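Chemist: There's a structure below that I have some questions on.
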Amino acid sequence: MSDQLLEIADTLYALPMAEFTPARDARAKELKADRELSAAVKRLKRPSVAAWVVDLFVRRDAGQVEQLIEVGDALREAQQGMDGAELRALTRQRRQLTAAVTQQARSLAVDEGVKVTQAVADQVEATLTAALLDPECARAVRSGLLVAALASTGVDQVDVAAAVAVPEALGFSASPTTGDARSGSSGPPGPPDLHVVPRDAKERRREEAEAALAEATEVADETAPALAEADRVVAELQARSLQLQSEIDEVRRRLSELESSAEETDDELEEAEESQGEARAAHDAAVKARDTAQRALDKLT
């Protein structure tokens, strides 16, 4: 089933975002005779916007993606002998490269009519950076079956299996789609000509850690404004929520008063109706007695 599921997933994740869910459900329905495969297809997750943009880029410009991954391999080898200053320069070069490639991916998505916000673009860049830094992330990106964005510092292990449609996607290469000819356009620059300086293992590990710290610090600085904006929005919504809750409490208090008043009115109405009944009975008896007296008088006249 794995090969067939991969083939189906490869077709579905190549579709425009808006078509994914109905196409997936229709395919699962077609396969209802094979319950296991049908259920597996039905479980395929709709990709996030960032993941869809990367999947699109992989299918349309596989050459660029492969060059990016190759640059990552070369940089990992080269940085083993670098000092701190060289590692920082390498980090800047790497970010320039991924930013340029991200812009190309973003342009492809816009051509397909998909709006790519800055937040989504940041996730796309983080995913492409992860492919450059981490071989496992590179395998996930190459599959074209991403359902979630990736992030990696190149040090910590990333759970790539959770970011792809099916675990078997790791090691799978996406089929190119219409427009892949554009991969023949000028690609990202090749690996920089770096001077390798011999270092002992301990110093090399320290310098790698410094580079990772510099990278993480830069990312943290870049994401700070988004966090501040999110904090502001949350604070506003919390204040609005408190205001609405206060208004709800006031409405509930007023409703309670009205319900109590209604109960009192119902009791008074019940008593009034009883008095009305007694008065009506007394009146009817009086009228009857009057009529009887009138008839008696009429007989004597």
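The values are calculated or read from the model by the stated rules, or taken from the named source; none is laboratory data. Note that this is a predicted model, so its numbers are computed, not measured. Cβ sites come from the backbone with ideal geometry, for glycine too, and all protein chains shown count toward neighbours.
Chemist: Looking at Gly171, Gly179, Gly144 in this structure, which one is at pLDDT 70 or above, surrounded by 10 or more Cβ atoms within 10 Å (Cβ to Cβ), on the phi > 0 side of the Ramachandran plot and over 21 Å from the mean Cα position of the chain (by Cα)?
Modeler: Selected residue: Gly171, the only one of Gly171, Gly179, Gly144 that is at pLDDT 70 or above, surrounded by 10 or more Cβ atoms within 10 Å (Cβ to Cβ), on the phi > 0 side of the Ramachandran plot and over 21 Å from the mean Cα position of the chain (by Cα).
Chemist: Which members of segment 147-168 meet the condition of being closer than 24 Å to Ala220 by Cα, crowded, with 16+ Cβ neighbours inside 10 Å and without any contact (Cβ under 8 Å) to a residue 40 or more places away in the chain?
Modeler: Leu150, Ala151, Ser152, Val158, Val160
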